[in-house]
Amino acid sequence: MKARESLLNLALRGLSMGARFLLIFYLGKYFSLDNLGLYGIFFTTVTLSYFLLGLDFYTYSNREVLYARNEDKLSVLRDQLAFYLVTYTVFLLPLLLVFFYDILPLKYIVFFYFILVFEHLSQELYRVFTMLSYPVFANWLLFLRSGSWIYLIILGWIIMPDKNYSLSVIWWGWMMGSGLSVIIGVIEILRLYKGHGLRRMQFAWFVAGLKISVLYFGSTIALKIIEYSSRYLIEYWWSIKDVGVFTFFSQIANMINVAISTLLIMIIYPKLVHAVNENNVLEFYRLKKYMLKRILFYSIALGVLVSVLIEPMLYFINKNDFYGEVNLFYVLILSNIVFNVGLVYYYVLYAFHRDFSLFVTTAFSGVSNVALNMILIKYFGIMGAAISTLLSYVIFMILNAHVSKKAESFFWAANRGVNSINP
C-alpha cells in the first residue's frame with residue numbers, strides 16, 4: 001500500500017512540475033516577450049506577497065497541530081486562520097502600491113488579489129495535510145493548484161490554435177485552480193474533525209508563534225530575494241522584454257531545484273532532524289553524507305539533461321532573443337546546483353535548531369544579492385542578473401557550510417561517549 005502511495009505521490013508531483021514546464025514553454029513560443037516578462041513580474045509579485053501574508057507562521061502552528069490532541073486540532077487550525085486574517089488586514093492594502101507604481105497593470109488588480117489569497121491558503125492547506133500524514137491528498141491539492149488548470153488551458157490552445165493566447169486566460173485558470181483546491185481542502189478538514197468543539201483563543205499562543213516564525217520568515221524572504229529581486233531591477237534598468245527572456249531561462253533552470261527539493265530534500269531532512277533529536281551521531285553523519293552525495297549527483301545530472309534539452313527547445317520556439325542570451329541559462333543552472341548543495345548545510349543548521357544562525361547567513365546572502373544586482377544588472381543586463389544569482393548562492397553555501405561545521409563539532413563533542421565517531 002505504501003509503495004502505491006509513494007508512486008501516486010511521485011506521479012502527482014511529476015504532473016505538477018511538468019505542467020509548469022509546459023506553461024513556460026508555451027509562453028516562450030506563442031506569447032510576446034513583453035507578455036512573458038509581465039507574467040514573470042506577476043508570478044514573482046504573487047510569490048513574494050504570499051510569503052509576506054504567511055510570515056512563515058506555519059513553522060510554529062503546524063508543529064502545534066501535530067502535537068495537539070485530536071479534539072484540539074481543529075481549534076489550532078482555527079487559530080492559524082485567525083492569525084492569517086490579521087496579516088491580510090495589515091498587508092493587503094499596502095500591496096496596492098504594486099499598482100500605484102505601475103509594477104503591475106491596474107487591470108489585473110482583481111486577479112492579483114484573488115490569486116494571492118487562494119495561493120497562500122492552498123499552500124498552507126498543503127502543508128497541513130502533509131504534516132497530518134495525508135501526503136496523497138496534499139499532492140492532489142498541489143496538482144489542482146499548480147497543474148490541472150495548466151493542462152486544461154494547453155488543451156484548449158491545441159484544439160483552438162492561435163486563439164485565446166492572453167495572460168487573462170492564465171490568470172483565470174490559476175485563480176480557479178487554486179480556489180478549487182482551497183474549497184476542497186477546507187471541506188476535508190471539516191470532515192476530519194466534524195463534531196469537535198472549539199476551545200477559546202489564547203493571545204499568548206499567537207505571540208509565542210510570532211517570536212518563533214519571524215526568524216524563519218527572515219530567512220525565507222532573503223532566499224526569495226536572491227531568486228526573484230533581479231526581475232524588478234531588470235525591468236527598471238532595461239525592459240520588460242528582458243524580464244521575459246530572463247524569466248524563461250530561470251523558470252526552466254529552477255526545475256532542478258524543484259525536483260531536488262521534492263525527491264530528496266523533503267524526504268531526507270526530517271530523518272536528519274530525528275537523528276539530531278535522538279543524539280545519534282553515526283546516523284547523523286551517514287544521512288548528511290548521503291544527502292550531500294545524492295544532491296550533488298542528481299543536481300549535476302539534471303543540469304546536464306536540461307542543458308541538452310534547451311537547444312531543441314529554442315529551435316522549436318524559434319525566437320532570436322532567446323538564442324542571443326542562452327549563455328545565461330548555463331550560469332543559472334550552475335547557480336541551482338550550488339544552491340542545492342548549500343541547502344544540505346542549511347538543513348543541518350535547521351536540525352541543530354540554529355535558527356538565528358540561519359537568519360544571519362541567509363540575510364547576508366540576500367543583502368549581498370541586492371548589492372550585486374545593483375552593480376551587475378545596471379552594466380551587464382540579464383547576464384549580470386545571472387552572475388549575481390550565482391555569486392549570492394556561493395556566499396550562501398560557504399556561510400552555511402562554515403557555521404554548520406562549528407555546530408557539528410559541538411554535537412560530536414557532546415555525544416562522543418554515546419555512539420559517535422570522529423567526523
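The values are calculated or read from the model by the stated rules, or taken from the named source; none is laboratory data. All figures in this text were calculated on a predicted structure; none of them were measured in a lab. Every residue, glycine among them, receives a Cβ derived from its backbone with ideal geometry; neighbour counts consider all protein chains shown.
Brief remarks follow.
- Criterion violated by THR262 - all others in (1) crowded, with 17+ Cβ neighbours inside 10 Å; (2) within 22 Å of ASN369 (Cα to Cα); (3) touching a helix residue (DSSP H, G or I) at 6+ places or on another chain (Cβ under 6 Å) satisfied: (2)
- Selection status of GLY381, buried (at least 18 other Cβ atoms within 10 Å of the Cβ), in a helix (DSSP H, G or I) and at positive phi: yes
- Screening the candidates TYR345, TYR393 for the property of being under 30 Å from HIS274 (Cβ atoms), out of contact with any Leu (no Cβ under 7 Å at 6 or more places or on another chain), at pLDDT below 95 and surrounded by 23 or more Cβ atoms within 10 Å (Cβ to Cβ) yields one hit, TYR345.
- Verdict on SER239 being touching a residue at least 24 places away in the same chain (Cβ under 8 Å), of a type in the set (Ser, Thr, Tyr) and surrounded by 19 or more Cβ atoms within 10 Å (Cβ to Cβ): no
- Lone qualifier among PHE21, PHE43, PHE57, PHE25 - being within 14 Å of the chain's Cα centre (by Cα) and touching a residue at least 12 places away in the same chain (Cβ under 8 Å): PHE43
- Qualifying residue in the range 238-254 (condition: modelled with pLDDT under 90, assigned by TED's automatic domain parsing to the domain that holds PHE396 and among the aliphatic types (A, V, I, L, M)): no
- Wholly enclosed helices (runs of 4 or more DSSP H) of the range 112-199 bearing at least 2 residues under 22 Å from the mean Cα position of the chain (by Cα) and more than 23 Å from LEU53 (Cα to Cα): 135-143, 149-159
- Qualifying residue in the range 328-341 (condition: surrounded by fewer than 18 Cβ atoms within 10 Å (Cβ to Cβ), polar (S, T, N, Q), touching a residue at least 40 places away in the same chain (Cβ under 8 Å) and under 19 Å from ILE377 (Cα atoms)): no
- Yes/no for VAL367 being under 21 Å from the mean Cα position of the chain (by Cα) and not polar (S, T, N, Q): yes
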